[in-house]
1. Any chance segment 140-155 includes a residue that's within 13 Å of the chain's Cα centre (by Cα), crowded, with 21+ Cβ neighbours inside 10 Å and under 19 Å from ASP211 (Cβ atoms)?
2. Using beta carbons and a limit of 6 Å, which pairs, at least six apart or on different chains, have the first residue in segment 159-170 and free of Cβ contacts under 8 Å to residues at least 12 places away in the same chain and closer than 17 Å to GLY74 by Cα and the second one surrounded by 18 or more Cβ atoms within 10 Å (Cβ to Cβ) and of a type in the set (D, E, K, R)?
3. Which one of LEU44, LEU79 is modelled with pLDDT under 95, within 14 Å of the chain's Cα centre (by Cα) and among the hydrophobic types (A, V, I, L, M, F, W, C)?
4. What is the number of the single condition among (1) over 16 Å from the mean Cα position of the chain (by Cα); (2) on the phi > 0 side of the Ramachandran plot that VAL187 does not meet?
5. Return yes or no: is ARG137 over 16 Å from the mean Cα position of the chain (by Cα) and in a helix (DSSP H, G or I)?
6. Across segment 169-198, what is the total count of residues that are under 22 Å from LEU20 (Cα atoms) and in contact with a Lys or Arg (Cβ under 9 Å, 6 or more places away or on another chain)?
7. Return yes or no: is LEU132 at pLDDT 90 or above, surrounded by 15 or more Cβ atoms within 10 Å (Cβ to Cβ) and either under 17 Å from the mean Cα position of the chain (by Cα) or closer than 20 Å to ASP78 by Cβ (or both)?
8. Return the residue satisfying two criteria in turn: it lies in segment 170-202 and is among the charged types (D, E, K, R) and surrounded by fewer than 22 Cβ atoms within 10 Å (Cβ to Cβ), and of such residues it is nearest to MET1 (Cα to Cα).
Amino acid sequence: MRYQRFVALGDSCTEGLDDLQPDGVYRGWADFAAELMAEQYANLGVRGRRLDQITAEQMPVAATLRPDLIALFGGGNDLMSHGYNTLEVTRRVDVAVRKATELAPTVAVFTLSDISRRMPFGWRMRPRIQALNDAVRDAAARYDAVLVDVWADDCVHDSRYFGPDRLHLSTLGHLRLAGHLLSALDVPFPAEWLAPLPGQAAPASLLDHWDWLRTQVLPVAYTRLRNRLIGRSPGDGFKPKRPDLLPVR
């Protein structure tokens, strides 16, 4: 099946981090999927955006594009935000999925993967991710959205699917997520996109963990603290990479 107008909404994962191309533009799962199923494609994802910001900023633009398919990936920034509240995030999920289904006849939504095994102290985020995923599953059932559930995919524990920060997807990870989306939509795609990688990733050493903490975690924590002090949100100043519906090449 091909869709005439496909619009991707969300945060940095929708934008395509960490699948950086030589021209300095991020690619990602939405680009991969669009090539196989869409005539026209827009990507409104902006890094750092929470679900309430996606609803307020991206959905009015999406409404003007009259999509027949929306793919919504978000929620990770809500879980890492200062003052996290489970009930509030659950409400944001419900509002976002409901509004998306009001804009397009077909809407796909995603759960988040388990970070507890690929990050030191990742287990502390696990209950928040599970609560978000439960909210996504409930909203998908309530509003008849297509659910792309990656929680049970063991390959999310393979570091080769992720970038240096162990959070954003690598090129291989974006291909795999595109495969999950296309599978849920019953669109044919190359089988290798969902085939496990051969062998096993090298286990991270204590030096690897220290380098990750020094080069990835601490700079992000500092930036988030500074932004909070000056009243700035992550992603402020960034624009969608593909705000208009354009033909898929």
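1. No: segment 140-155 contains no residue that is within 13 Å of the chain's Cα centre (by Cα), crowded, with 21+ Cβ neighbours inside 10 Å and under 19 Å from ASP211 (Cβ atoms).
2. If the second residue must be surrounded by 18 or more Cβ atoms within 10 Å (Cβ to Cβ) and of a type in the set (D, E, K, R), no pairs are left.
3. On the way: LEU44 fails: modelled with pLDDT under 95.
Answer to the check: LEU79.
4. Answer for VAL187: the failing condition is (2).
5. For ARG137, the condition - over 16 Å from the mean Cα position of the chain (by Cα) and in a helix (DSSP H, G or I) - is not met.
6. Residues meeting the conditions: 9.
7. Values: at pLDDT 90 or above: yes; surrounded by 15 or more Cβ atoms within 10 Å (Cβ to Cβ): yes; either under 17 Å from the mean Cα position of the chain (by Cα) or closer than 20 Å to ASP78 by Cβ (or both): yes.
Considered against the rule, which asks whether it is at pLDDT 90 or above, surrounded by 15 or more Cβ atoms within 10 Å (Cβ to Cβ) and either under 17 Å from the mean Cα position of the chain (by Cα) or closer than 20 Å to ASP78 by Cβ (or both), LEU132 comes out as yes.
8. The selected residue is ASP186.
The values are calculated or read from the model by the stated rules, or taken from the named source; none is laboratory data. All figures in this text were calculated on a predicted structure; none of them were measured in a lab. Neighbour counts are summed over all protein chains in view; Cβ atoms, including those assigned to glycine, are modelled from backbone coordinates with ideal geometry.
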